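Taking it in order: structure first as structure tokens, then the write-up.
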Amino acid sequence: MIDKKITLALILAVIVESAGVFAWAGATSERLKDAEMRVAALLGVTERIARVEAKLEHAGEQLTRIEQKLDAN
């Protein structure tokens, strides 16, 4: 026959472990949501930086043409 104290201790240990797992899963979920929001915010910044780079390249090309015209005169 199994001792009742061991059985209650085992059940209590399983309950405590389960509570710990659920708490860990909830914290992990919150961290994941936070990371996803940060990544979404960075995607907009990346697009803006790409547009600025394109405009700077275009401005550099224009400056090169202006310099060539000035040197020709």
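Just so it is clear, none of the values below were taken in a lab; they were calculated from the coordinates. Predicted, not measured: the structure shown is a model, and the values here were computed from it. Methodologically, a virtual Cβ is constructed for each residue, glycine included, from the backbone with ideal geometry; neighbour enumeration extends over all protein chains shown.
Pick the calculated mean projected area of the Cα convex hull in nm² for this structure from (1) 7.5; (2) 3.9; (3) 4.6?
(1)
Taking Cα atoms, how many degrees apart are the long axis of helix 4-72 and the longest axis of the chain, rounded to 10 and kept between 0 and 90?
Helix 4-72 and the main axis of the chain meet at about 0 degrees.
For the residue pair residue 50 and residue 25, what label-to-label distance in nm results when each label sits 7 Å from Cα along the Cα-to-beta-carbon direction?
If labels sit at residue 50 and residue 25, their model points lie 3.7 nm apart.
Run the quick spin-label model on residue 41 and residue 59: label points 7 Å from Cα toward the beta carbon, then report their separation in nm to one decimal.
Here the answer is 2.7 nm between the modelled labels.
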